[in-house]
Amino acid sequence: MAPKQGQFRYIRRFREIGIGDVAVVGGKNASLGEMYRELTDRGVRVPNGFATTAEAFRYHLADSALTDRIAAALADLDVADVDALAATGAHIRELIGNAELPDDLLDEIATAYEELGEECGDDPDVAVRSSATAEDLPDASFAGQQETYLHIRGIRPLLDACRKVYASLYTDRAIAYRVHKGFEHTAVALSIGVQRMVRSDLGASGVMFTLDTESGFRDVVLITAAWGLGEYVVQGTVTPDEYYVFKPTLASGRRPIVRRQLGEKAHKLVYAGSEMAGGATTVDVEVAAEDRNRYTLSDDQVLELARYAVAIEAHYSARNDRPMPMDVEWASDGPSGDLFIIQARPETVHAGRPAHELETYRLERRGEVLVRGKSVGHRIGQGRARVIASPRDMNTVEAGEVLVTDITDPDWEPVMKRSAAIVTNRGGRTCHAAIVARELGIPAVVGTGDGTARIATGAELTVSCAEGDTGYVYAGALPFRTQVHKLATGARPRTHVMMNVGDPDHAFHLARIPNDGVGLARMEFIISNLIRIHPAAALGYADLSADARRLVGTISAGYATPREFYVEKLAEGIGTIAAAFHPKPVIVRLSDFKSNEYAALIGGDACEPREENPMIGFRGASRYPARQFAQCFALECEALRRVRVDKGLENVIVMVPFVRTPAEGQRVLELMATHGLERGRDGLKVYFMCEIPTNCLRADAFLDLCDGYSIGSNDLTQLTLGLDRDSALVTGIDERDPAVHMLMEMAIAACRRRGKYIGICGQAPSDYPEITRWLVQQGIESISLNPDSVVSMTELVLATERARDAGTSD
């Protein structure tokens, strides 16, 4: 007889369960109940549903006389033997899949399903998911170890799906994962989650992390998104769009999308319409070119999802009385446009990592690039390639080889564990394979497109994930070095030790090194590497040649116009660096390309003059107001305004390079003000580079116009000593020359007398410890260094300050 509503023994409704019920309904279902019960009233949408209990699973196995048979099958299994693992897993799954559910359990599932139908309509579409009682714990994700079944409608298909979910506790990957994590098989039970289906087949879906998955940086939400059902993002079948949102200024009502990247999203998973042969309820379809080339989410949707993620993280952190980064799956309902949260679990890789060490990898030299893709982790791996065309051949991978394949899923975990690195054609940064690679500490380059075609088995490879967002697979075994930085939390020197940062891809990782901010963020790196288009080409797109228009159109896909692409990409690059170091100051230098460097950008050759010596030509402050460049400069100003105003990153300080005369500096300040960057307004500070002898000789006149100086020792040395730093013919002269010291001393003294900022961002302190000591003795306020010298030079600065305080020389 069917149970009455409210009288279930083996079922719990979402409203009846919370995070304390992991032993009853598993981690995933306990989390769904917790969110449904506690966060719905706070505006976080969670589809309703119900869960079977762990007791129901054990009852099913006992009723079918399978408990002892399964234990015997697993008793002597060596999970490293891939063939034996596959045979054992298939045998157990067949046993469970053929066993009928006990009548009373079946009746309770049917009654709970009917109850859900009273809320959402008869025979509602549901997702049927697994939830293991040892799943989603802080030290193990169990990501994708069991199966999920989507678009299940009607009681008979639901019961079939339930049996399949029970059997999936013994997939090959689940068996191996439990062994590697030290879980007894008999200690883990399975709960089935039945949840109202969101029509994301008509919308979009993806995964969110409340930190940066590669560096562990805690102040961002990473959102991935693709068209259709979410399984393709989770499995790594598609490369999704990516968005980063900065949490601190999101809370104050700003719109801090600091980074986004368009994914290829070539396919999507949708409902089949009717059950297909083999019982499939979903089907793969190609995504139209128009949809591939546009972003899946609007800015408003990105920000709404980020607010959901922050609310979830805050709730779980409060419940656990400690920071709790979260891994969240979401879906958008096509008909309504509403966004829903369909899963949430603790993030397992960075949450437990020690914060007192930073390991960095660096190639000594680069070689031939075979393929590139998304980097997973920050390490470098090497070994002979093993190209696997079919999962049937995965057991041929030997220890220390680089696994190269189309796509991996957690079934591959046993061979991933013994690989030196992983390369895949498909996949994104939040897919199951990437999560497992991070857990294992193995570098992976995913989404290469054609790795299996361009790499041959047996080839020596270097797989580098140490160069930012993009991962590279190089031919040969290239030399590299590893460095472990002890991130001391002791006393900081009075002299601020900052760092020079050009590449936004490295910013989150570098921010872990103890520092006092960024003394030089080079706008040119962002333009040349992330934008690649000359600003005049972005403005005059219609006037470009057909070939140039095609190239610019491809690069700027996903944005309304090439102009909008240029401004927003520049804002995102600056914003990423500013967010990484927030609230510490980040000094952003306006573009300081020389005419020959601008000419190398797409569309730049036709816009730039030919100069005999561009190093002292049309550059810096003289360029910005010029008739041929003023509109281009407006794009830089608009990007900076977006960073400070829209994204709320008011820690950005603007620095003007190569100011030859006070009048020239005044013209730049006036021009900036017309574009919304008025010095002093909303706390905006403006520094000048001190890199021309006149900046030192007429310091007071320049300092009347700005808030301080940053010494550019490279150009100052060149212009003081009559050198061409691009020429190798004159050697043996550098920043240690007394004339250079005399000019720097004049600048430092003038700033100290006027109460203005004085720092240095040139190469000299990174290269010459004696210059660092001299600068500290002169009373410089800050020294900005290359990242790899920050830790050692901080110790030198501290020692110099102590010696100065004691009245001795170090």
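If I ask for residues that are open to solvent by 30 Å² or more (accessible area, probe 1.4 Å) and of a type in the set (D, E, K, R), which ones from region 627-638 would you list?
The answer is Arg627, Glu638.
Which condition number in (1) surrounded by 17 or more Cβ atoms within 10 Å (Cβ to Cβ); (2) part of a loop (DSSP other than H, G, I, E, B) is the one that Arg641 fails?
With (1) surrounded by 17 or more Cβ atoms within 10 Å (Cβ to Cβ); (2) part of a loop (DSSP other than H, G, I, E, B) applied to Arg641, the lone miss is (2).
Consider region 534-544. How many of its residues are surrounded by fewer than 23 Cβ atoms within 10 Å (Cβ to Cβ) and touching a Gly at 6+ places or on another chain (Cβ under 9 Å)?
Our first condition is that a residue be surrounded by fewer than 23 Cβ atoms within 10 Å (Cβ to Cβ); within region 534-544, this holds for 536, 539-544.
Now drop any that are not touching a Gly at 6+ places or on another chain (Cβ under 9 Å), which leaves 536, 540-541, 544.
Of the residues in region 534-544, 4 are surrounded by fewer than 23 Cβ atoms within 10 Å (Cβ to Cβ) and touching a Gly at 6+ places or on another chain (Cβ under 9 Å).
Based on what the data block shows, is Leu229 in contact (Cβ under 8 Å) with a residue 60 or more places away in the chain, open to solvent by less than 10 Å² (accessible area, probe 1.4 Å), of a type outside the set (Asp, Glu) and assigned to a loop (DSSP other than H, G, I, E, B)? Steps first, answer last, please.
Numbers: in contact (Cβ under 8 Å) with a residue 60 or more places away in the chain: yes; open to solvent by less than 10 Å² (accessible area, probe 1.4 Å): yes; of a type outside the set (Asp, Glu): yes; assigned to a loop (DSSP other than H, G, I, E, B): yes.
Yes; evaluated as a whole, the condition is true for this residue.
Restricting the search to region 420-432, which residues are over 15 Å from the mean Cα position of the chain (by Cα) and open to solvent by less than 10 Å² (accessible area, probe 1.4 Å)?
Ala421, Ile422, Val423, Thr424, listed by residue number.
Which condition does Glu670 not pass, out of (1) surrounded by fewer than 17 Cβ atoms within 10 Å (Cβ to Cβ); (2) not small (Gly, Ala, Ser); (3) not in a helix (DSSP H, G or I), if it passes all the others?
(3)
Restricted to region 646-666, and to residues that are free of Cβ contacts under 8 Å to residues at least 60 places away in the same chain and touching a helix residue (DSSP H, G or I) at 6+ places or on another chain (Cβ under 8 Å), which residue is surrounded by the fewest Cβ atoms within 10 Å (Cβ to Cβ)?
At the first step, the residues of region 646-666 found to be free of Cβ contacts under 8 Å to residues at least 60 places away in the same chain are 650, 659-666.
Among the residues that remain, those that are also touching a helix residue (DSSP H, G or I) at 6+ places or on another chain (Cβ under 8 Å) are: 650, 659-662, 664-665.
On the way: Glu650: 17, Val659: 25, Arg660: 14, Thr661: 16, Pro662: 19, Glu664: 18, Gly665: 21.
Taking the candidates together, the pick is Arg660.
Do any residues in region 9-37 that are touching a residue at least 12 places away in the same chain (Cβ under 8 Å) have Cβ atoms under 6 Å from those of residues that are of a type in the set (Val, Ile, Thr) and part of a helix (DSSP H, G or I), where the two are at least six apart or on different chains, and which pairs are they?
Final answer for the pair search is Arg12/Val25; Ile17/Val25; Ala30/Ile19; Ala30/Val22; Glu34/Ile19.
Looking at region 461-482, can you tell me whether even one residue there is charged (D, E, K, R) and under 25 Å from Val233 (Cβ atoms)? Show your work before the answer.
Residues of region 461-482 that are charged (D, E, K, R), as a first pass: 467, 469, 481.
So of that shortlist, the ones also under 25 Å from Val233 (Cβ atoms) come out as 467, 469.
Scanning region 461-482 turns up at least one residue that is charged (D, E, K, R) and under 25 Å from Val233 (Cβ atoms).
Within region 601-616, can one find any residue that is among the basic types (Lys, Arg), open to solvent by 20 Å² or more (accessible area, probe 1.4 Å), at pLDDT 95 or above and in contact with a helix residue (DSSP H, G or I) (Cβ under 9 Å, 6 or more places away or on another chain)? Outline the logic, then answer.
Taking region 601-616 first, the residues among the basic types (Lys, Arg) are 610.
Narrowing further to those that are open to solvent by 20 Å² or more (accessible area, probe 1.4 Å): 610.
With at pLDDT 95 or above added as a condition, the list becomes none.
No, region 601-616 has no match at all.
If I go through region 33-76 residue by residue, how many of them are in a helix (DSSP H, G or I), among the hydroxyl-bearing types (Ser, Thr, Tyr) and surrounded by fewer than 18 Cβ atoms within 10 Å (Cβ to Cβ)?
Keep residues of region 33-76 that are in a helix (DSSP H, G or I), which gives 33-38, 40-42, 54-63, 67-74.
With the extra rule that they be among the hydroxyl-bearing types (Ser, Thr, Tyr), the set shrinks to 36, 40, 59, 67.
Still in the list and also surrounded by fewer than 18 Cβ atoms within 10 Å (Cβ to Cβ): 40, 67.
Total satisfying the criteria: 2.
Can you tell me which of (1) closer than 23 Å to Glu364 by Cα; (2) open to solvent by less than 10 Å² (accessible area, probe 1.4 Å); (3) out of contact with any Ser or Thr (no Cβ under 8 Å at 6 or more places or on another chain) is the one Val415 doesn't meet?
Only one criterion in (1) closer than 23 Å to Glu364 by Cα; (2) open to solvent by less than 10 Å² (accessible area, probe 1.4 Å); (3) out of contact with any Ser or Thr (no Cβ under 8 Å at 6 or more places or on another chain) is unmet by Val415, namely (1).
Residue by residue through region 545-598, note down the ones that are basic (Lys, Arg), assigned to a helix (DSSP H, G or I) and either open to solvent by less than 60 Å² (accessible area, probe 1.4 Å) or modelled with pLDDT under 95 (or both). Full working, then the answer.
Kept after step one, since they are basic (Lys, Arg), are these residues of region 545-598: 549-550, 563, 569, 584, 589, 594.
Then keep just the ones that are assigned to a helix (DSSP H, G or I); that gives 549-550, 563, 569.
The answer is Arg549, Arg550, Lys569.
What is the residue count in region 152-209 for residues that are in a loop (DSSP other than H, G, I, E, B), modelled with pLDDT under 95 and closer than 30 Å to Tyr244 by Cα?
3
Mind telling me which of the residues Glu231, Glu242 ends up being among the acidic types (Asp, Glu) and touching a Leu at 6+ places or on another chain (Cβ under 6 Å)? Reasoning before the result, please.
Values: Glu242 fails: touching a Leu at 6+ places or on another chain (Cβ under 6 Å).
Just one listed residue meets the conditions, Glu231.
Only one of Asp300, Asp291 is open to solvent by 60 Å² or more (accessible area, probe 1.4 Å) and either among the charged types (D, E, K, R) or more than 19 Å from the chain's Cα centre (by Cα) (or both). Can you tell me which? Quick ask: steps written out before the conclusion?
Values: Asp291 fails: open to solvent by 60 Å² or more (accessible area, probe 1.4 Å).
Of Asp300, Asp291, the one residue that is open to solvent by 60 Å² or more (accessible area, probe 1.4 Å) and either among the charged types (D, E, K, R) or more than 19 Å from the chain's Cα centre (by Cα) (or both) is Asp300.
Open to solvent by less than 40 Å² (accessible area, probe 1.4 Å), modelled with pLDDT under 90, hydroxyl-bearing (Ser, Thr, Tyr) and in contact with a Gly (Cβ under 8 Å, 6 or more places away or on another chain): does that describe Thr408?
On the way: open to solvent by less than 40 Å² (accessible area, probe 1.4 Å): yes; modelled with pLDDT under 90: yes; hydroxyl-bearing (Ser, Thr, Tyr): yes; in contact with a Gly (Cβ under 8 Å, 6 or more places away or on another chain): yes.
So Thr408 fits the description; yes.
Which of the helices (runs of 4 or more DSSP H) found entirely inside region 711-775 contain at least 1 residues meeting this: modelled with pLDDT of 90 or more and more than 26 Å from Pro585 (Cα to Cα)?
Working: elements: 713-721, 738-754, 764-767.
In region 711-775, the matching helices (runs of 4 or more DSSP H) lie at 713-721, 738-754.
Name the residue that is farthest from Ala23 (Cα to Cα), counting only residues in region 81-138 that are β-branched (Val, Ile, Thr) and open to solvent by 10 Å² or more (accessible area, probe 1.4 Å). It would help to see each step written out before you state the result.
Taking region 81-138 first, the residues β-branched (Val, Ile, Thr) are 82, 88, 92, 96, 109, 111, 126, 128, 133.
Next, from what is left, pick out any that are open to solvent by 10 Å² or more (accessible area, probe 1.4 Å): 82, 88, 111, 133.
Numbers: Val82: 31, Thr88: 27, Thr111: 23, Thr133: 5 Å.
For region 81-138, the residue satisfying everything is Val82.
The values are calculated or read from the model by the stated rules, or taken from the named source; none is laboratory data. Since the structure is predicted, the reported quantities are computational estimates derived from the model, not experimental observations. All Cβ positions, even for glycine, are placed from backbone atoms using ideal geometry, and neighbour counts span all protein chains on display. With ligands, DNA and RNA removed, areas are computed over all heavy atoms of the protein, side chains included. Shrake-Rupley method; radii C 1.70, N 1.55, O 1.52, S 1.80 Å.
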